Amino acid sequence: MSFEDLWPGLLPVGRARGGGYRRFSWTEADRECRAWFAQEAVRRGLTLERDRNGNLVAWWDTSADGDSGAPGDEGRADDGRRPDLLDDVGGGRRDAVLTGSHLDSVPDGGAYDGPLGVVSALAAIDLMRERGVTPSRPLGVAVFTEEEGARFGVACLGSRLMTGAIDPDRARGLRDGDGVSWADAIAAEGYDPGAIGPDPAFLGRVGCFVELHVEQGRVLDAPVGVGSAIWPHGRWRFDFTGQGNHAGTTLLGDRRDPMLPFARTVLAAREAAERYDAVATMGKVRVTPNGVNAIPSEVRAWLDTRAPDDAAVRATVAAIAAVAEEAAGWHGVDVGLSEESYTEVVDFHVDLRDRLVKTLGGAPVLPTGAGHDAGILSAHVPTAMLFVRNPTGVSHAPEEYAEPADCRAGAEALAAVLTDLACR
Ligand code: HGY
Ligand code: MN
Ligand code: MN
């Protein structure tokens, strides 16, 4: 199927009234996305595997003995060993090529962030088959769970669990806004919460991972680009605790209103980001009790900070925290700050990056400020990214868009890259 034929199948799933998407992990929309992916995998004769962390991988393996090629199989094309993948980087015993992305979204997210990588991977397999390409090693399409962290708060949770980048106990205890834990959510889907955690057997068989993603910015002036790096970035939570009280009868001098230091902190985030050439966002806040005529008892607010280098991120957060402390003190409010997740700078695998550029006959190379599962896997597996042009640069919003011609070019580029990597 062409990209255009495939794309409409997923489009309506999880779309909210305002046109954005609410595809949160382990909700009905997520189940529908997973069912769509399973159906497309079966339609292509791919072997669908659910790992213990909630991630999915659909395997195309053409080895003589027809094993699934899923990790853990001996998966050999003949009695010899497959040539090492990327032997210029000493792939060792790794022989599978993995692509894919995620299907979950931020609240009111766009249609392309995540799904473009998954749909393009399936379209790329169809293109390869139309051209009679037969991979000599397993080729997997992954769907990583909870990439946005929109429900349980930690981004790339599925790939962090797979790689050991998060403690399984902490993951089990993550809770959504209604208090539902990750453990309870996955148990309700038939997973064993006690089994989540690092999966070295899977990673040990993956020779490289290439993720295609819509560009989240507007740097690209060509249909497809190749990723060079991901900026360091993190998420912090401020807890401002004051005294709930009556909005009408409490004198100003008697108030301990947590909303005031929160408001000062939001402005400080912008000031610090400008000062340190970073970006800082406070887009999520939870007010308790959130009543019009009640002074809040608590304001919980999240900070997302990113910059080209670690020092700038740290300096930005430190400056914001200092203002939060001072403002809280002024208003007799307590403030707590906790780092919820942090991702060091990711420099994608140079040889793999250059190989993608060469396969594409040249392509722009660009960094990104957006986090991806590719960033998490890159510490364990040679990893690269392809970006598809986003004409407006808008992402994490209903207006996110990519031209059909550019999406087609992305699927073609991915097919060429996967052919080069999986047919050696
Ligand atoms: O937040 C990010 O950068 C990514 O979209 N999860
Ligand atoms: Mn995103
Ligand atoms: Mn994404």
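Values for this structure:
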{"read-out": "Matching helices (runs of 4 or more DSSP H) fully within segment 103-197 where at least 1 residues are closer than 30 Å to residue 407 by Cα", "value": "115-130, 157-163"}
{"read-out": "Which listed residue, of 168, 223, is assigned by TED's automatic domain parsing to the domain that holds residue 95, buried (at least 17 other Cβ atoms within 10 Å of the Cβ), more than 24 Å from residue 308 (Cβ to Cβ) and more than 21 Å from the chain's Cα centre (by Cα)", "value": "223"}
{"read-out": "Residue check for residue 248: out of contact with any Leu (no Cβ under 6 Å at 6 or more places or on another chain), in contact (Cβ under 8 Å) with a residue 40 or more places away in the chain and exposed (fewer than 13 other Cβ atoms within 10 Å of the Cβ)", "value": "yes"}
{"read-out": "Lone qualifier among 341, 378 - being surrounded by 19 or more Cβ atoms within 10 Å (Cβ to Cβ), small (Gly, Ala, Ser) and within 16 Å of ligand 2 (Cβ to nearest atom)", "value": "341"}
{"read-out": "One residue from 410, 362, 393 being farther than 26 Å from residue 163 by Cα and in contact with a helix residue (DSSP H, G or I) (Cβ under 7 Å, 6 or more places away or on another chain)", "value": "410"}
{"read-out": "Residue ranges of strands (runs of 3 or more DSSP E) in segment 319-420 with at least 1 members within 30 Å of residue 251 (Cβ to Cβ) and at pLDDT 95 or above", "value": "334-343"}
{"read-out": "Residue in segment 190-210 that is in contact with a Leu (Cβ under 6 Å, 6 or more places away or on another chain) and within 16 Å of ligand 3 (Cβ to nearest atom) present", "value": "yes"}
{"read-out": "Filter pass, residue 13 being part of a loop (DSSP other than H, G, I, E, B), of a type in the set (A, V, I, L, M) and at pLDDT 95 or above", "value": "yes"}
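Per-residue answers, yes or no, for (1) open to solvent by 40 Å² or more (accessible area, probe 1.4 Å); (2) touching a residue at least 12 places away in the same chain (Cβ under 8 Å):
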| residue | (1), (2) |
| --- | --- |
| 303 | no, yes |
| 311 | yes, no |
| 315 | no, yes |
| 327 | no, yes |
| 358 | yes, no |
| 369 | no, yes |
| 385 | no, yes |
| 391 | yes, yes |
| 394 | yes, yes |
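The values are calculated or read from the model by the stated rules, or taken from the named source; none is laboratory data. Worth saying up front: this structure is predicted, and the values here are computed from it rather than measured. For neighbour counting, all protein chains shown are included, and Cβ atoms are generated from backbone atoms with ideal geometry for every residue, glycine included. Only protein heavy atoms, including side chains, enter the accessible area calculation; ligands, DNA and RNA are left aside. Shrake-Rupley method; radii C 1.70, N 1.55, O 1.52, S 1.80 Å.
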